[in-house]
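Comments concern the structure below.
The values are calculated or read from the model by the stated rules, or taken from the named source; none is laboratory data. This one's a predicted model, so the numbers in the text were calculated from it and none came from an experiment. Cβ: placed from backbone, ideal geometry, glycine included. Neighbour counts: every protein chain shown. Surface areas here come from the heavy atoms of the whole protein model, side chains and all, with no ligands, DNA or RNA. Shrake-Rupley method; radii C 1.70, N 1.55, O 1.52, S 1.80 Å.
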Amino acid sequence: QAQLVESGGGLVQAGGSLRLSCAASGIMFSINQMTWYRQAPGEQRVLVAAIGSGGNTNYADSVKGRFTISRDNSKKMVYLQMNSLKPEDTAVYYCSTFTQGLRYWGQGTQVTVSS
């Protein structure tokens with residue numbers, strides 16, 4: 001069974017940086033697309049960034065040029081480097097992947113950006 005565990009969230013001032021990490025287990029990590037979503041209070045969960053098995057990446061327009069997704073297949077880890085953070089980036093961030101017909105989610109990590 002797939003398991004995803006996020007870490008690295010916290011409180012940061014606007015303009016600051018954070019690096020989120022997601023440790024995956026129970027999946028064939030190297031062939032899976034890995035994604036980061038976020039959910040702000042009262043809003044729907046939205047896709048922030050995705051990275052394919054070949055390393056191709058996609059980003060939401062709101063984070064392009066500020067966030068970078070990466071992966072380390074040998075460690076079964078996916079990362080989200082977040083720079084130039086804004087108060088509107090405040091949300092719970094979730095690592096996710098779709099495998100064997102199911103979408104799996106981590107427990108989420110809170111990111112709070114103060115103005």
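Figures for the structure shown
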{"quantity": "Residue that is surrounded by the fewest Cβ atoms within 10 Å (Cβ to Cβ) [pool: residues in the range 6-62 that are closer than 11 Å to Leu80 by Cβ and aromatic (Phe, Trp, Tyr)]", "calculated": "Tyr59"}
{"quantity": "Tally, over the range 5-24, of residues that are more than 21 Å from Asn58 (Cα to Cα), under 16 Å from the mean Cα position of the chain (by Cα) and assigned to a strand (DSSP E or B)", "calculated": "3"}
{"quantity": "Pairs where the first residue, in the range 13-36, is farther than 16 Å from Asp72 by Cβ and without any contact (Cβ under 8 Å) to a residue 60 or more places away in the chain and the second is among the aliphatic types (A, V, I, L, M) and surrounded by fewer than 22 Cβ atoms within 10 Å (Cβ to Cβ), C-beta under 8 Å, 6+ apart", "calculated": "Gly26/Ala2"}
{"quantity": "Some residue of the range 82-100 being over 16 Å from Gly10 (Cα atoms) and open to solvent by 40 Å² or more (accessible area, probe 1.4 Å)", "calculated": "yes"}
